[in-house]
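Report on the following structure.
The values are calculated or read from the model by the stated rules, or taken from the named source; none is laboratory data. Owing to the predicted nature of the structure, the values given are computational and were not obtained by experimental measurement. Ideal geometry is used to build each Cβ from the backbone, glycine not excepted, and the neighbour counts take in all protein chains shown. Quick note on the areas: whole protein, heavy atoms, side chains included, nothing else; ligands and nucleic acids left out. Shrake-Rupley method; radii C 1.70, N 1.55, O 1.52, S 1.80 Å.
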Amino acid sequence: MELKRFLIDMLIMFFMLSTLITIAVSLSGSVFDSGASFGYGAMMSPIIYAALCVLPMLVMWSRRELTPKEVILRKALMLVLVEAVIMIIAFTSSVIDTGRPAVVFALIGIVFVIFVLANIFSWLKDSVAARGMNRDLERFQKKHS
């Protein structure tokens, strides 16, 4: 994969993660701490989390096409790294109540769900692009045969 395409994919993933993290924070916050109120500074946290969670995508970079086994292994490593990033943030933050096991397990589950959803959305985007390229190629072949 060329570097430019990879960086564009990272940017798209950043915006998907920002959106999904914002939804997750809203939903989990209403369950675990519904009385909390935050200032405008708190609106930056999903953006910071998304930026930090995009960094593990670097394990997917390769100049050559990855085999299916390599993709699965790298995605698993990426999930572990993303979970580690979020757990480090959670345990160093005074805002997240990591003293409650339910909060920690919910956070691990939320990160997993967001990871899966972001990868599904990315796969769907790539599938639509691939179908479009295949249609264009078929039209080109019909036109020039």
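Every residue, every condition in (1) acidic (D, E); (2) touching an Asp or Glu at 6+ places or on another chain (Cβ under 6 Å); (3) touching a residue at least 40 places away in the same chain (Cβ under 8 Å); (4) under 20 Å from K125 (Cβ atoms), yes or no:
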{"residue": "L7", "(1), (2), (3), (4)": "no, no, no, yes"}
{"residue": "I12", "(1), (2), (3), (4)": "no, no, yes, yes"}
{"residue": "G41", "(1), (2), (3), (4)": "no, no, no, no"}
{"residue": "I47", "(1), (2), (3), (4)": "no, no, no, no"}
{"residue": "L55", "(1), (2), (3), (4)": "no, no, no, no"}
{"residue": "L58", "(1), (2), (3), (4)": "no, no, no, yes"}
Matching residues in the stretch 40-58 - criterion: being over 15 Å from F115 (Cα atoms) and either among the β-branched types (V, I, T) or in contact with a helix residue (DSSP H, G or I) (Cβ under 6 Å, 6 or more places away or on another chain) (or both): I47, I48
Looking only at the stretch 90-141, which residues are hydrophobic (A, V, I, L, M, F, W, C) and more than 24 Å from the chain's Cα centre (by Cα)? M133, L137, F140
Within the stretch 105-125, how many residues are without any contact (Cβ under 8 Å) to a residue 60 or more places away in the chain, in contact with an Asp or Glu (Cβ under 9 Å, 6 or more places away or on another chain) and surrounded by fewer than 16 Cβ atoms within 10 Å (Cβ to Cβ)? 2
Pick out the one residue from A102, A130, A90 that is small (G, A, S), surrounded by 10 or more Cβ atoms within 10 Å (Cβ to Cβ) and closer than 27 Å to F6 by Cα. A130
Might you check whether a residue that is in contact (Cβ under 8 Å) with a residue 12 or more places away in the chain and either open to solvent by less than 60 Å² (accessible area, probe 1.4 Å) or in contact with a strand residue (DSSP E or B) (Cβ under 7 Å, 6 or more places away or on another chain) (or both) occurs anywhere in the stretch 24-36? yes
Inside the stretch 39-72, can you point out the residues that are in a loop (DSSP other than H, G, I, E, B) and hydrophobic (A, V, I, L, M, F, W, C)? W61, L66
